[in-house]
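The values are calculated or read from the model by the stated rules, or taken from the named source; none is laboratory data. These numbers were taken from a predicted model, which means no experiment stands behind them. Cβ coordinates were reconstructed from backbone atoms using ideal geometry, including for glycine residues, and neighbour counts include every protein chain displayed.
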Amino acid sequence: MSATANATLAHDHHAHDDHGHHHKETFITKYIFSQDHKMIAKQYLITGIIMGILGILMSVLFRMQIAWPEESFVIFKWLLGEKYAPDGVMTPEAYLALVTIHGTIMVFFVLTAGLSGTFSNLLIPLQIGARDMASGFLNMLSYWIFFISCVIMLSSLFVESGPASAGWTIYPPLSALPEAIPGSGTGMTLWLISMAFFIAQSLLGSLNYVVTVINHRTKGMSMTRLPLTVWALFITAIIGIVSFPVLLSAALMLIMDRSFGTSFFLSDIYIQGEVLAHQGGSPVLFEHLFWFLGHPEVYIVILPAMGIVSEIMSTNARKPIFGYRAMVASILAIAFLSTIVWGHHMFVSGMNPFLGSVFTFTTLLIAIPSAVKAFNWITTIWKGNLQMNPAMLFSIGFVSTFITGGLTGIILGDSTLDINVHDTYFVIAHFHLVMGISAIYGLLAGVYHWFPKMFGRMMNKNLGYIHFWITAVAAYGVFFPMHFIGLAGLPRRYYTNTAFPYFDDLADTNVLITVFAIIAAAAQVIFLYNFIASMFYGKKATQNPWNGTTLEWTTPVEHVHGNWPGELPTVYRWAYDYSKLNQEETDYVLPGQDFVPQNVPLQEHEEELNH
Amino acid sequence: MTVFLIIIVIALLGVTFWQMSKVLQLSKPKHTDDSQIANNEDNRKQAYILIAFTVFLYGLMLYSFWNHSSYYLPEAASEHGQSFDNLMMLSIVIIMIVQVITQFLLHFFAIKYRGEEGKRALFYADNDKLEFIWTIIPVIVLAGLIIYGLFTWSDIMNFDEDEDVMVVEIYAYQFGWKARYAGQDNVLGKANVRFIEGKNTLGVDESDTYAEDDKITSKLHLPVNKKVLFKFRSQDVLHSAYFPFFRAQMNVVPGMITQFSFTPTITTEEMRTTEYMTEKVETINEIREERSEDLMAQGDVALDPYEFDYYLLCNKICGISHYNMQMPIVVEGEEDFKQWLAEQATFEEYMKD
């Protein structure tokens with residue numbers, strides 16, 4: 001099988017080559033201030049994983065408090081200290097801080113930077129046939145700004161008045177007034193500064209991705225031949241450029257309100273026996289600005305996962321992705337709609353009810369391209385020859401959780417129904433399934449699939465299987481029952497539910513959820529072990545372990561600066577010629593090999609289908 | 001209970017690690033295939049596990065619905081709540097049908113078309129007709145839901161100025177609620193945080209004559225079958241006034257007045273005596289008794305037995321005691337309500353006191 005694949009490596013040896021592999025690299029230029037996109041991708045991934053461990057650990061801590069309210073745990077004492085867990089009992093301050101920082105870390109640092117940062121960097125140049133990003137220097141800069149942002153966010157955990165605790169949505173006035181909650185002191189300042197850095201890195205990265213995709217595609221790589229991963233990452237970058245600056249302006253205005261006495265978001269406030277001077281601002285304005293980013297943000301999170309899953313499903317089903325054009329069109333439709341639906345977070349914010357109607361309409365429209373995608377994935381595996389690699393299992397898991405979580409969006413997107421489930425656990429269950437778990441599955445699928453490309457070694461598949469099955473069972477175990485306690489009217493962000501005897505009979509369900517959460521978190525240790533051990537001791541990977549068609553599998557296993565040692569490959573076909581038969585339908589196009597890499601010219605009598 | 005659960009978690013983790021080491025052992029020398037790429041054997045095994053997972057998934061869905069039948073919110077106690085419940089039921093039925101079918105197809109295909117050496121996948125890249133079908137079906141279903149939803153939404157939110165309603169202000173602060181009845185004139189006196197001084201904790205404008213007959217209470221009484229227009233005001237941060245039993249919610253925003261109106265239809269007494277509520281309260285009291293025994297064993301005070309009351313709670317993170325910001329609501333017959341209201345002091349009397 002590999003004999004033909006190697007045809008792809010027939011390099012033109014007299015090709016010009018001023019790209020890198022002669023000049024000396026020091027440890028610092030190779031591992032730290034690297035401008036090589038593959039190294040930067042690894043830096044993003046590893047930073048993302050570290051942040052992910054912290055974020056998940058936080059969720060376990062506050063889930064324990066919800067299940068066993070105000071009980072003493074030694075682990076709280078160890079991790080939170082005497083101040084936030086006197087005698088091992090978590091304080092409400094600590095609970096709200098954990099909830100807030102968990103959300104911030106998971107949404108921004110893990111699922112935005114960790115997912116899109118990793119795979120945009122790794123895959124865009126490799127899959128479009130480019131030597132590197134358009135600007136390696138900006139790329140390096142964006143990682144290091146991200147790093148600074150992480151450091152600032154984590155350092156806020158250690159300030160005296162505690163980290164930001166107003167929820168990850170940081171609605172003012174709560175987030176603006178240290179009198180309202182201690183976390184809105186120095187902790188909130190650091191949160192805002194960290195976010196400013198984060199937005200800067202995101203913009204630098206996104207601009208780079210967009211320019212690279214537009215300008216650096218290799219010969220023959222037309223837009224309609226791009227793998228869906230690249231399409232998804234490309235559109236994600238564009239949404240980021242459109243929406244992140246708005247969050248920056250909201251953050252700046254909040255900083256002004258907090259520190260310089262302006263009144264963008266504050267008006268008529270009486271707190272701790274004093275009337276504040278602020279007059280004329282509106283917290284609803286902040287909500288608009290926040291969600292103008294906040295909603296596209298969930299698509300920034302999920303689109304890369306969709307791209308990754310499309311790619312992995314097709315490769316492992318040994319079938320072309322079904323409806324390539326529809327897949328691209330639905331990405332574009334989702335991206336466009338994502339910028340005009342933010343108001344569905346604000347149906348009961350006091351916004352004009354007419355606006356609520358408009359946002360209901362646009363929001364439910366998003367279900368259409370999403371449904372098209374789900375059906376196309378299902379059709380992609382129909383009559384396939386499914387290779388059950390861990391990456392494939394995570395992709396199937398993605399489609400499953402995406403459907404389950406997406407469907408409840410029809411309830412939340414309906415302004416009428418949102419009235420009674422708004423801000424309850426129903427919302428938590430919905431968005432964790434549809435963007436949290438799904439995006440994590442996309443990330444993990446990507447790691448299992450492209451690990452050989454990143455580290456030149458294979459991850460252990462059996463550990464991968466165990467990791468997947470425990471995670472899949474536990475993730476549903478956490479979030480499916482959670483819908484129902486939300487329907488029963490249980491609000492989110494409650495330190496304990498014991499203040500309402502009415503909720504007493506929900507306690508068992510909450511314990512069940514927490515037990516599953518602990519199991520799910522523990523299962524990630526298996527992944528972590530597999531990841532680190534395979535990095536050093538994994539089996540050496542072959543050039544194209546999954547028999548993929550895309551260009552990254554034509555590069556040598558050992559990384560070289562510039563990706564291809566010789567000339568850049570030329571592209572002759574789309575990325576999904578799996579199991580394509582020859583004219584007589586006696587054998588595959590390339591005899592004995594069920595895939596045709598993109599850089600193999602059309603064979604005799606072969607037709608290029610107009611996709 | 002706790003100890004028991006911790007033991008379960010530890011036991012499960014133990015099983016996990018034991019299984020892991022077993023798999024590791026098995027996977028080592030026996031086979032020569034250590035490529036870490038799924039082979040025939042893996043495809044078969046994973047497909048079997050996938051069958052078990054599918055059973056788990058459907059089991060979990062059934063269990064969740066069954067479990068929910070013991071703690072769902074009782075029937076809506078407000079007029080618009082009926083249409084809310086109908087729309088919710090319709091939406092849940094639709095999404096569960098889609099959920100059951102699509103999850104089945106996904107898992108069934110994944111199991112059925114598991115890889116086998118030598119098997120050929122079907123090269124099937126496109127089909128405009130299929131794409132059209134699954135674009136148009138969601139379009140039709142969603143169009144129906146959107147139209148139904150929007151009609152209900154405008155019924156609930158649009159408030160007719162000429163209607164005969166009772167105006168009540170709900171005032172939110174860290175961490176509690178107050179109600180202000182508009183009094184005889186049914187017009188609330190002007191108010192602003194800048195008027196807060198001494199006893200006047202709600203910042204009502206004392207010079208406004210409309211304010212004189214306003215009545216401030218810390219419990220919310222509502223007459224049954226009478227439309228109430230709530231005006232919400234916050235003194236410090238965002239809160240959200242959530243009336244789960246009445247299917248009503250509105251954020252309370254400092255610096256602006258928001259509103260929501262509904263008509264309560266079931267009195268507290270009626271709700272208490274429904275079959276569902278009696279059973280539920282019984283269960284809750286059993287749980288509380290159990291917990292009380294534990295508490296008393298530790299030398300703490302026992303919990304009070306529970307009696308059902310409607311309540312209003314805060315549903316927007318507002319600070320440290322967000323979890324305990326509640327106000328009881330009593331829905332009663334008009335006579336009872338009038339009598340109760342007559343007993344409350346007017347703002348004028350209250351300030352003179």
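Residues of the range A:412-421 that are buried (at least 24 other Cβ atoms within 10 Å of the Cβ) and within 24 Å of the chain's Cα centre (by Cα): A:G413 alone. Of all residues assigned to the range B:132-153, none qualifies as being farther than 24 Å from A:G409 by Cβ, in a helix (DSSP H, G or I) and more than 9 Å from every other protein chain (Cβ to nearest Cβ). Being within 8 Å of another protein chain (Cβ to nearest Cβ), more than 30 Å from B:N158 (Cβ to Cβ) and either modelled with pLDDT of 95 or more or part of a loop (DSSP other than H, G, I, E, B) (or both) holds for only one residue in A:G405, A:G350, A:G384, and it is A:G384. Within the range B:215-257, the residues that satisfy the criterion of being part of a loop (DSSP other than H, G, I, E, B) and crowded, with 24+ Cβ neighbours inside 10 Å are B:Q235, B:D236, B:V237, B:L238, B:R247, B:V253, B:P254.
B:G255 passes every criterion in (1) more than 9 Å from chain A (Cβ to nearest Cβ); (2) without any contact (Cβ under 8 Å) to a residue 12 or more places away in the chain; (3) not β-branched (V, I, T) apart from (1).
In the range B:117-129, what residues are at the interface with chain A (Cβ under 7 Å from one of its Cβ atoms) and touching a helix residue (DSSP H, G or I) at 6+ places or on another chain (Cβ under 8 Å)? Listed by number, the residues that qualify are B:A121, B:Y124, B:A125, B:D126.
For (1) touching a strand residue (DSSP E or B) at 6+ places or on another chain (Cβ under 8 Å); (2) of a type in the set (A, V, I, L, M, F, W, C), each residue gets a yes or a no:
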{"site": "A:I152", "(1), (2)": "no, yes"}
{"site": "A:L157", "(1), (2)": "yes, yes"}
{"site": "A:I181", "(1), (2)": "no, yes"}
{"site": "A:T189", "(1), (2)": "no, no"}
{"site": "A:I193", "(1), (2)": "no, yes"}
{"site": "A:S206", "(1), (2)": "no, no"}
{"site": "A:Y209", "(1), (2)": "no, no"}
{"site": "A:K219", "(1), (2)": "no, no"}
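The condition of being within 28 Å of the chain's Cα centre (by Cα) and at the interface with another protein chain (Cβ under 9 Å from one of its Cβ atoms) holds for A:S534.
If you go through the range A:314-325 one residue at a time, do you hit one that is within 9 Å of chain B (Cβ to nearest Cβ), in contact with a helix residue (DSSP H, G or I) (Cβ under 9 Å, 6 or more places away or on another chain) and aliphatic (A, V, I, L, M)? Checked against the condition, which is being within 9 Å of chain B (Cβ to nearest Cβ), in contact with a helix residue (DSSP H, G or I) (Cβ under 9 Å, 6 or more places away or on another chain) and aliphatic (A, V, I, L, M), the range A:314-325 yields at least one hit.
Listed conditions (1) modelled with pLDDT under 90; (2) closer than 28 Å to A:N316 by Cα; (3) surrounded by fewer than 17 Cβ atoms within 10 Å (Cβ to Cβ) are all met by B:W18, apart from (2). Just to be sure before I move on: is B:V237 within 7 Å of chain A (Cβ to nearest Cβ), farther than 24 Å from B:K352 by Cβ and out of contact with any helix residue (DSSP H, G or I) (no Cβ under 7 Å at 6 or more places or on another chain) in the structure I sent? Answer is yes for this residue. Report yes if some residue within the range A:575-588 is surrounded by fewer than 19 Cβ atoms within 10 Å (Cβ to Cβ), in contact (Cβ under 8 Å) with a residue 12 or more places away in the chain and either more than 19 Å from B:F123 (Cα to Cα) or in contact with a helix residue (DSSP H, G or I) (Cβ under 8 Å, 6 or more places away or on another chain) (or both); otherwise report no. No: zero hits. When the criteria are applied in full, B:M88 meets the requirement of being within 7 Å of another protein chain (Cβ to nearest Cβ), at pLDDT 95 or above and over 30 Å from B:I320 (Cα atoms).
Residues in the range A:474-513 that are farther than 24 Å from B:P244 by Cα, crowded, with 22+ Cβ neighbours inside 10 Å and at the interface with another protein chain (Cβ under 9 Å from one of its Cβ atoms): A:Y476 only. Close Cβ contacts (under 6 Å, 6 or more residues apart or on different chains) running from residues in the range A:358-373 that are under 19 Å from B:D126 (Cβ atoms) and more than 9 Å from chain B (Cβ to nearest Cβ) to residues that are assigned to a helix (DSSP H, G or I) and not acidic (D, E) comprise A:K373/A:S330. Contact map, the range B:89-101: residues that are part of a helix (DSSP H, G or I) paired with residues that are among the acidic types (D, E), Cβ distance under 9 Å, separation 6+ or inter-chain. Pairs shown: B:S91/A:D414. Among residues of the range B:259-287 being assigned to a helix (DSSP H, G or I) and in contact with an Asp or Glu (Cβ under 6 Å, 6 or more places away or on another chain), the one that is nearest to B:Q249 (Cα to Cα) is B:I284. The helices (runs of 4 or more DSSP H) found entirely in the range A:57-147 that carry 1 or more residues being in contact with a helix residue (DSSP H, G or I) (Cβ under 8 Å, 6 or more places away or on another chain) and buried (at least 24 other Cβ atoms within 10 Å of the Cβ) are A:92-104, A:118-128.
Of all residues in the range B:51-74, those satisfying the criterion of being hydrophobic (A, V, I, L, M, F, W, C) and either assigned to a helix (DSSP H, G or I) or more than 10 Å from chain A (Cβ to nearest Cβ) (or both) are B:I51, B:A52, B:F53, B:V55, B:F56, B:L57, B:L60, B:M61, B:L62, B:F65, B:W66.
May I ask you to list the residues in the range A:518-540 that are surrounded by 17 or more Cβ atoms within 10 Å (Cβ to Cβ) and among the aromatic types (F, W, Y)? Residues satisfying the conditions are A:F527, A:F531. Go through the range A:448-460 and give me each residue that's assigned to a helix (DSSP H, G or I) and either among the hydroxyl-bearing types (S, T, Y) or surrounded by fewer than 24 Cβ atoms within 10 Å (Cβ to Cβ) (or both). The answer is A:Y448, A:K453, A:M454, A:F455.
Of the residues examined, A:M392 is not one that is modelled with pLDDT of 95 or more and in contact with an Asp or Glu (Cβ under 7 Å, 6 or more places away or on another chain).
Put simply, of A:I241, A:I214, A:I271 the only residue that is closer than 24 Å to A:F431 by Cβ and of a type in the set (V, I, T) is A:I241.
Taking (1) closer than 13 Å to A:F500 by Cα; (2) not in a loop (DSSP other than H, G, I, E, B) in turn, B:D304 satisfies each apart from (2). Is it the case that A:S194 is touching a helix residue (DSSP H, G or I) at 6+ places or on another chain (Cβ under 7 Å) and surrounded by fewer than 19 Cβ atoms within 10 Å (Cβ to Cβ)? It is false that A:S194 is touching a helix residue (DSSP H, G or I) at 6+ places or on another chain (Cβ under 7 Å) and surrounded by fewer than 19 Cβ atoms within 10 Å (Cβ to Cβ).
Can you name the residue in the range A:223-258 that is touching a residue at least 60 places away in the same chain (Cβ under 8 Å) and among the small types (G, A, S) and, of all such residues, is farthest from A:P182 (Cα to Cα)? The qualifying residue farthest from A:P182 (Cα to Cα) is A:A232. Of B:A110, B:A77, all but one fail to be facing chain A (nearest Cβ under 9 Å), among the aliphatic types (A, V, I, L, M) and in contact with a strand residue (DSSP E or B) (Cβ under 7 Å, 6 or more places away or on another chain); the exception is B:A110.
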